[in-house]
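Note sheet for the following structure.
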Amino acid sequence: MSVNVPPNIHHVGEVTSTMDAARQMLTAANGAPFAVLAESQVKGRGTGERVWISPKGNMYFTLCISEKSIMPEIVPVLPLLTGLVCRAAIMSLINGANVHVKWPNDIIYAGKKIGGSLVESEGESLIIGIGMNVELAPPVTDSGRASTTVNEIAAALEQPKITPTQLAEFIWKHFFQMISDTTLTRKIVVTRFDAAMDKSLSLHRRTPTGRDPEELHAIGLNEWGHLIVSRPDGTEDTLMTDYLF
Ligand code: BT5
């Protein structure tokens, strides 16, 4: 796939979820990459059916691509690659933005959550959803961490505001740049994600009713992209599928 795939982004108003809207467009797209950018969502979702709060003003974006367009060894680390793409997009729109990632799927600024991603599949298509707070930082009502916005970073650095469309176009560009790099390996994605993590964050396992009180800290990723954490007593654990607040 060439580096400069022209953006094929369908702009829509309010949807249930851009994941559903994108699924409905898969047949017509016939394997060609496309994305959906919505103004708001009434049933935005995070991982594990958690709610993604989706008021008008932020970016609700789903990118669909044929699995064949991605090197097979990259597919298992696609959530990590997506985080790196989002970080790169923000950092190229705002000079000096010190954005981090949190394993496995969050974008973080100053300890607060700017956005997150969700990877699903349907047949041979990968459906990559990204929610990013651009203008509004919704109060988080479950046990999640406080939220912030891309434009709070822009304001802190005295730079112009970003729009959801600009951000979506930059994400598209960085995504295709990254997956077209024939030298990219799983190890490189994992190493870059490790370097971009904010290891000072206190992490908590999610439970069905909230968060586990045990405070964990990220040490790093193993070669598979699994997270090694330290417990308060100094012992270590490796997380493969646990999601963290
Ligand atoms: C995520 O899930 O972070 C993935 C979010 C993906 C949203 C996009 S929007 C476009 C596409 N269409 C969809 O329907 N979804 C995708 P997770 O790591 O499970 O985080 C969910 C948690 O984040 C919630 O339990 C809250 O604690 C918190 N949260 C919800 N809305 C938020 C927001 N707008 N900003 C910051 N945190 C939020």
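Counting DSSP beta bridges in the range 1-93, what percent are antiparallel, to the nearest 5?
Rounded to the nearest five, the antiparallel share is 45 percent.
What ranking do 109, 243 get, fewest neighbouring Cβ atoms within 10 angstrom at the top?
Ascending number of Cβ neighbours within 10 Å: 243, 109.
Need one number: nm distance between label points at residue 217 and residue 27, each 7 Å from Cα along Cα→Cβ, rounded to one decimal.
With each label placed 7 Å out from Cα toward Cβ, I get 5.4 nm.
Cut-off 14 Å, label point 7 angstrom out along Cα-to-Cβ of residue 11: give me the residues of the range 24-39 whose amide nitrogen falls inside.
Residues 36-39 qualify, since their backbone N sits under 14 Å from the label point.
Find how much the distance from residue 40 to residue 205 grows on full extension, using 0.36 nm per residue of separation minus their present alpha carbon separation; answer in nm with one decimal.
Working it through step by step, the gained length comes to 56.5 nm.
Using alpha-carbon pairs under 8 Å, 6+ residues apart, how would you state the relative contact order of the chain in percent?
After rounding, I find 18 percent.
How would you rank 224, 103, going from fewest to most other Cβ atoms within 10 Å of each one's own Cβ?
224, 103
Got a sec? How would 228, 130 order by Cβ neighbour count within 10 Å, fewest to most?
Ranked by crowding around the Cβ, least crowded first: 228, 130.
Okay, which of the range 125-163 sit inside 20 Å, backbone N to the point 7 Å along the Cα-Cβ direction of residue 51?
What the label zone holds, given the 20 Å backbone N cut-off, is 130-149.
What residues from the range 48-64 fall in the zone where the backbone N is under 19 Å from a label point 7 Å along the Cα-to-C-beta line of residue 120?
Inside the label zone: 48-55, 59-64.
If we count every other residue with Cβ under 11 angstrom of residue 67's Cβ, Lys/Arg +1 and Asp/Glu -1, where does the sum land?
Counting the neighbours of residue 67, the net charge comes to -1.
I want the antiparallel fraction of DSSP beta bridges within the chain, as a percent rounded to 5.
So the antiparallel bridges in the chain amount to around 80 percent.
Once you list every other residue whose beta carbon is under 15 Å from the beta carbon of residue 170, what net charge do they have if Lys and Arg are +1 and Asp and Glu are -1?
With Lys, Arg at +1 and Asp, Glu at -1, the net is +2.
Please compute the length gained on full extension between residue 163 and residue 141, using 0.36 nm multiplied by the number of residues separating them and subtracting their Cα-Cα distance.
5.4 nm
Give me the number: length gained by fully extending residue 240 to residue 112, i.e. 0.36 nm times residue separation minus the C-alpha to C-alpha distance, one decimal in nm.
Here the segment from residue 240 to residue 112 would lengthen by 43.8 nm.
What's the local net charge at residue 56, with K and R +1, D and E -1, over the other residues with C-beta under 13 Å away?
Charge balance in the 13 Å sphere: -3.
Bear in mind these aren't lab numbers, they're just calculated from the coordinates by the rules spelled out. Model, not experiment: these values are computed from the prediction. Please note: Cβ atoms are built from the backbone with ideal geometry, for glycine as well, and neighbour counts cover all protein chains shown.
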